[in-house]
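Visitor: Questions regarding the structure given below will be posed in turn.
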Amino acid sequence: MTDFADFKSQIMEWINRQDFSDVLVTSFVRMAESKLNQELRVAQMIRSVDGLIASRCAPLPPDWLAMDLVRIANDNGADGFLTARYKARDEFFNQRDTKTALFYTLVGTQIYFGGTPDPVDGTEFKLVYYGEVPVFSDTQQSWVYTKQPNLYLSAALMHAYLHAVGEEQSAAGAKTLAEDMIHKLNAAHLGAKASGSRVTTPRRRSFG
C-alpha cells in the first residue's frame with residue numbers, strides 16, 4: 001500500500017470537487033508526471049546503465065529523458081573508460097572514422113558511437129542519464145510525493161483546475177507555482193553538481 005490514495009484525496013479536497021471520478025483524478029496525476037518528465041532535472045532522476053556497442057549503436061534506456069554523461073571503454077582512461085562528447089548528427093556522420101573516436105550522437109531512441117567497435121567482443125560503454133519520474137500508483141511509491149509534495153500537488157492541480165469550469169485563474173496560479181519550483185530545483189541541482197569544485201578567479205591581463 002502506498003500514499004497514492006491520500007494524494008488523490010488531497011487533489012479533490014483542494015479543488016472541492018468530490019464528484020470527480022477516481023479515473024479522472026488519476027489522469028491529473030499522470031498529466032503532472034508528464035510535465036515533470038518534460039521540465040524537471042534533479043539528482044533523484046539520475047540513472048546509470050552499462051552496455052555494449054556491437055554495431056556502432058545501441059538503444060537508449062526506455063525511461064531515458066536527457067543525457068548527463070557518456071563514457072566509452074578506452075585503455076587510456078584511469079579506470080578503463082574515457083568521456084565521449086556529443087556531436088550534432090550532420091557533423092557526426094561526416095566525421096572520418098577512427099578506432100578511438102570519442103564522440104556520440106542521438107537518432108530517435110538510438111545512441112550512435114564514433115569509432116570502430118571491437119568486432120569480436122564489442123565495446124563497453126557507460127551512460128549516466130536523467131530517467132522518468134516514477135508512475136505513482138497503489139503499488140509504487142514516488143520520491144516526488146515524498147521529497148517535493150508541493151510541486152507534485154501544484155502540477156496536478158493545474159490540470160484539475162483546467163478541467164473545472166470557471167477555475168482558469170486558479171489553474172494559471174498552480175501552473176506558475178509549479179514552474180517556479182521546477183526552475184529553482186533545476187538551478188539548485190546544477191549548483192550542487194559543481195559545489196565540490198574549487199572556486200578560481202580568472203587571471204586579468206595587465207596592459208601597463
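The values are calculated or read from the model by the stated rules, or taken from the named source; none is laboratory data. Keep in mind the model is a prediction, meaning the values are calculated, not measured. Cβ atoms come from the backbone with ideal geometry, glycine included; neighbour counts cover every protein chain shown. These accessible areas exclude ligands, DNA and RNA; they are computed on the full protein's heavy atoms, side chains included. Shrake-Rupley method; radii C 1.70, N 1.55, O 1.52, S 1.80 Å.
Visitor: Please count how many residues of region 50-107 are over 16 Å from Glu124 (Cβ atoms), among the acidic types (Asp, Glu) and either part of a strand (DSSP E or B) or free of Cβ contacts under 8 Å to residues at least 60 places away in the same chain (or both).
Guide: Residues meeting the conditions: 4.
Visitor: Still on this model: Exactly one of these conditions fails for Gly131: (1) over 30 Å from Thr26 (Cβ atoms); (2) small (Gly, Ala, Ser); (3) open to solvent by less than 90 Å² (accessible area, probe 1.4 Å). Give me its number.
Guide: That leaves (1) as the condition not met.
Visitor: Let me ask another. Taking the condition buried (at least 17 other Cβ atoms within 10 Å of the Cβ) and part of a strand (DSSP E or B), does Tyr112 pass?
Guide: Details: buried (at least 17 other Cβ atoms within 10 Å of the Cβ): yes; part of a strand (DSSP E or B): yes.
Yes.
Visitor: Within region 150-178, which residues are open to solvent by 60 Å² or more (accessible area, probe 1.4 Å), part of a helix (DSSP H, G or I) and of a type outside the set (A, V, I, L, M, F, W, C)?
Guide: Asn150, His163, Glu168, Gln169, Lys175, Thr176
Visitor: How many of the residues making up region 62-80 are of a type outside the set (Asp, Glu), surrounded by fewer than 17 Cβ atoms within 10 Å (Cβ to Cβ) and within 21 Å of Gln110 (Cβ to Cβ)?
Guide: Of the residues in region 62-80, 4 are of a type outside the set (Asp, Glu), surrounded by fewer than 17 Cβ atoms within 10 Å (Cβ to Cβ) and within 21 Å of Gln110 (Cβ to Cβ).
Visitor: If you take the residues of region 15-61 that are open to solvent by 30 Å² or more (accessible area, probe 1.4 Å) and of a type in the set (Asp, Glu), which of them is nearest to His163 (Cα to Cα)?
Guide: Checked region 15-61; the qualifying residue nearest to His163 (Cα to Cα) is Asp19.
Visitor: Next question. Could you tell me which of the residues Val133, Val128, Val120, Val144 is among the β-branched types (Val, Ile, Thr) and at pLDDT below 90?
Guide: Of Val133, Val128, Val120, Val144, the one residue that is among the β-branched types (Val, Ile, Thr) and at pLDDT below 90 is Val120.
Visitor: Between a first residue in region 134-156 that is closer than 14 Å to Ile11 by Cα and a second residue that is among the small types (Gly, Ala, Ser) and in a helix (DSSP H, G or I), which pairs have beta carbons less than 7 Å apart while being 6 or more apart in sequence or on different chains?
Guide: If the second residue must be among the small types (Gly, Ala, Ser) and in a helix (DSSP H, G or I), the pairs left are Leu151/Ala178; Tyr152/Ala32; Ser154/Ala174; Ser154/Ala178; Ala155/Ala32; Ala155/Ala178; Ala156/Ala32.
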